[in-house]
Amino acid sequence: MLRSFRSWRRGWFWGLIVLVAIAIVTFSGQGDRFSPQGQNGTQPLVMSGGDPYIRALMRTISASEANDPQPYTLLYGGDRFSDLSRHPQRCVTIVAGPNRGNCTTAAGRYQFINTTWYEQAARYHPEGKTGFLWWKTYSFEPQYQDRVVYLWLRDPTVWGADIPQLLRDGDLETVLRLLSETWTSLGYGIETNVMSSQLPQIYRRLLQEELM
């Protein structure tokens, strides 16, 4: 009887060790989702060419707004959409933060809400317009998501500042402050997250990649 108890105790002990090891591996993998070294949301852009400083900034925005291995098809909350012919316009209930209880149509790599997408696409979308008279849609394919944001960030008339020059001057803080009213998770907005404080480090790493 005593031997059986000891055998059971040894089995229980090693079983506990295995469970702890599994937990460590599991949570370590989840932690990498929010690590500056993780690649979720910071993958290279689909768009080719352009200013490496703006490209690095775009990837930094994505790291905070759409921290996911497939950011171009991401909806707020983690669900996905498959029709990239237009903005999905799916309103998802906000579950945390100052806007909790409202809904948002945020979608894609840069979490465009539908009204912002149509406003900026009308200015910067290079092609892909469809529709009749005043009613138009704009392709939401990854290359167009990138291109619209790229041209938007380069337009000094919108931001009241030359963002490419600020980045070359090393003034990332001013840039993030300028953009935080649009992308509220950039560290100076109303919806910071676990990535916000890491964005300067992430940007520097991504800029090195883009300059290579």
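Filtering segment 41-49 for residues that are of a type outside the set (S, T, N, Q) and either outside any loop (DSSP other than H, G, I, E, B) or modelled with pLDDT under 95 (or both) leaves a non-empty set. Applying the condition of being in a loop (DSSP other than H, G, I, E, B) and among the hydrophobic types (A, V, I, L, M, F, W, C) to segment 100-144 and asking which residue is modelled with the lowest pLDDT yields L133.
Answer yes or no: is there a residue in segment 73-80 that is among the basic types (K, R), farther than 20 Å from L166 by Cβ and in contact with a Ser or Thr (Cβ under 6 Å, 6 or more places away or on another chain).
Yes, segment 73-80 contains a residue that is among the basic types (K, R), farther than 20 Å from L166 by Cβ and in contact with a Ser or Thr (Cβ under 6 Å, 6 or more places away or on another chain).
Taken over segment 50-99, the residue count meeting the criterion of being within 22 Å of E119 (Cβ to Cβ), of a type outside the set (K, R) and touching a strand residue (DSSP E or B) at 6+ places or on another chain (Cβ under 7 Å) is 11.
Of the residues Y72, Y124, the single one that is of a type in the set (S, T, Y), under 21 Å from T42 (Cβ atoms) and in the same structural domain as L151 (by TED's automatic domain parsing) is Y72. Here S196 does not fit the description of being within 15 Å of the chain's Cα centre (by Cα), modelled with pLDDT of 95 or more and crowded, with 16+ Cβ neighbours inside 10 Å.
Across segment 184-201, which residue is nearest to T104 (Cα to Cα) among those that are in contact (Cβ under 8 Å) with a residue 12 or more places away in the chain and out of contact with any Ser or Thr (no Cβ under 7 Å at 6 or more places or on another chain)?
Restricting attention to segment 184-201, the residues satisfying the condition of being in contact (Cβ under 8 Å) with a residue 12 or more places away in the chain are 185-188, 190-191, 193-196, 198-201.
Now narrow it down to the ones that are out of contact with any Ser or Thr (no Cβ under 7 Å at 6 or more places or on another chain): 194, 198, 200-201.
Working: V194: 20, Q198: 25, P200: 27, Q201: 29 Å.
Here the residue is V194.
Scanning segment 50-99 for residues that are among the basic types (K, R) and part of a loop (DSSP other than H, G, I, E, B) turns up R86, R90. Contact list please: Cβ distance under 8 Å, first residue in segment 155-183 and of a type in the set (F, W, Y), second residue outside any helix (DSSP H, G or I) and buried (at least 16 other Cβ atoms within 10 Å of the Cβ), pairs at least six apart or on different chains. What qualifies is W183/Y110; W183/Q111; W183/G189.
The values are calculated or read from the model by the stated rules, or taken from the named source; none is laboratory data. Note that the coordinates shown come from a computational prediction; the quantities given were computed from them, not determined experimentally. Cβ: placed from backbone, ideal geometry, glycine included. Neighbour counts: every protein chain shown.
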